[in-house]
Each structure stands twice: as C-alpha cells, then as structure tokens.
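The values are calculated or read from the model by the stated rules, or taken from the named source; none is laboratory data. From a predicted model like this one, the values you see are computed outputs, not experimental measurements. Please note: Cβ atoms are built from the backbone with ideal geometry, for glycine as well, and neighbour counts cover all protein chains shown. Just the protein is used for accessible areas: all its heavy atoms, side chains included, with ligands, DNA and RNA removed. Shrake-Rupley method; radii C 1.70, N 1.55, O 1.52, S 1.80 Å.
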Amino acid sequence: LRVIALPEPNPRVDRFFSERRSRRGMKVIPAGQAVRDVLRALQRREMVGVLADRDYTPRQDRVVFFGEPARLPRGPVWLAGHTGATILPGFMTYEEGGRLRLRIREPLFPGDFEGPDAIRQAIARLLEEEIGRTPHQWYMFRDLWRDDSYGGPSAR
C-alpha cells in the first residue's frame, strides 16, 4: 500500500508519522512528487491511499458536502479517470480499547458515472454517511466551506 502524505514542518512530528505508517506496511509518496509516483504505482497494480476530504491544491473546485459547496479534492477522481483504477472507499475509525476498524465500501467504477463531478459527488455522499456514523472521529483542521487555498489562511 502506498499513501500520499504531506511532510510535516516539524521533523520530529514528520518522523513520528513516518514511523507509524512504516510499521503498518505503508510506503509514503511525498505530496510534492505524488502524481508521477502514484501513476507508476498504479501501473504496477499497487494500491494507493489518497485522502478524499482534504484538497491540498490552490483550486477552488466545489462539490455539495453536508448541504453546502465545499472544497473536496479532484485527485482520486482524476487518477481513476486517467488510469482506469477503481476507487475503493475506505474509512478508518477508533474502536474501544484503541483498536482501529477499517470499513470498506462498495467500489466506484469511473465508467458507471456521467463524468468526474458525478464521482466526486458520490464520494461526498459516502463521506457524509461515514462521518455521520462517528462525527467525533472526523478531524478536519481546515474549513472546507470557505475560500481557502492550499497552505494559506482562510479568505473569509
């Protein structure tokens, strides 16, 4: 499993997360070189984990999310469209005793939708359902509904 990760500014924090991912068998693709490395990984038929609730780009593309236009990433949909890869939505939650639970939803096949925006909206609905199950476990430190660019302060 490959995962795209944004390096943390603090080297100790970055090392902490890198070690945790590595212990779980994940290989990190740094966000700055993600497209090339992800395309190569998909060509090798490897799985690639991509966040679907955080847009790391300066784009302002919107999708309806909890009833309001919000910034959700195009990356997973773009990759599926350009490679033919299936989107396999997965959601991780903490259970009692500190155990993790991975819920895998039905696969999304790009050819079953009327274009990228329809796939993005389907992903938004899945996010709404899963977040609705355990809202206290969704940690989002950015306001997705504001005009907010990658790495910068909110414009509102």
Note to self: Going by amide H atoms built from the backbone, whose H comes under 5 Å of the H on residue 48, apart from near neighbours?
What the structure shows: 2
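Let me have the relative contact order for the chain, percent, based on Cα pairs under 8 Å that are six or more residues apart.
On the way: 193 pairs, mean separation 31.3, N = 156.
Relative contact order of the chain: 20 percent.
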Check: According to a simple spin-label model (label point 7 Å from Cα along Cα-to-Cβ), what is the distance in nm between residue 95 and residue 20?
Finding: 1.9
Note to self: Could you derive backbone 3J(HN,Hα) for the range 131-139 from the dihedral phi with the Karplus parameters 6.51, -1.76 and 1.60 (θ = phi - 60°), listing whole Hz in sequence and x where the residue is Gly or Pro?
What the structure shows: 5, x, 5, 9, x, 5, 9, 8, 9
Item checked: Cβ-based charge dipole, the chain, positive-most Cα from 50, 77, 132 -> 50
Item checked: Solvent-accessible area, 1.4 Å probe, carbon plus sulfur percent, for the chain -> 52
Margin query: Can you compute 3J(HN,Hα) from phi for each residue in the range 36-41, using the Karplus curve 6.51 cos²θ - 1.76 cosθ + 1.60 with θ = phi - 60°, rounded to whole Hz and x for Gly and Pro?
Written below: 4, 5, 5, 4, 5, 4
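Leaving out ligands and nucleic acids, and using a 1.4 Å probe, what accessible area per residue does the chain come to in Å²?
Numbers: 10540 Å² over 156 residues.
Accessible surface, normalised per residue, equals 68 Å².
Helix-only mean residue ellipticity at 222 nm, the chain, DSSP H runs n ≥ 4 weighted -39,500 (n - 2.57), per residue, nearest 500. What is it?
Working: 4 runs with 50 residues, N = 156.
For the chain, the value works out to -10000 deg cm²/dmol.
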Check: Which of (i) 14.8, 39; (ii) 16.0, 56; (iii) 15.8, 45 is the computed Rg and Dmax of the Cα atoms in Å for the structure on display?
Finding: (iii)
Note to self: Skipping prolines and chain starts, which residues have an amide H placed within reach, meaning under 5 Å, of the one on residue 72, given they are 5 or more residues away or on another chain?
What the structure shows: 63
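From the Cα gyration tensor of the range 23-66, with a ≥ b ≥ c the square roots of its eigenvalues, which class applies: rounded if a/c is under 1.5, or else prolate if a/b is larger than b/c, or else oblate?
prolate
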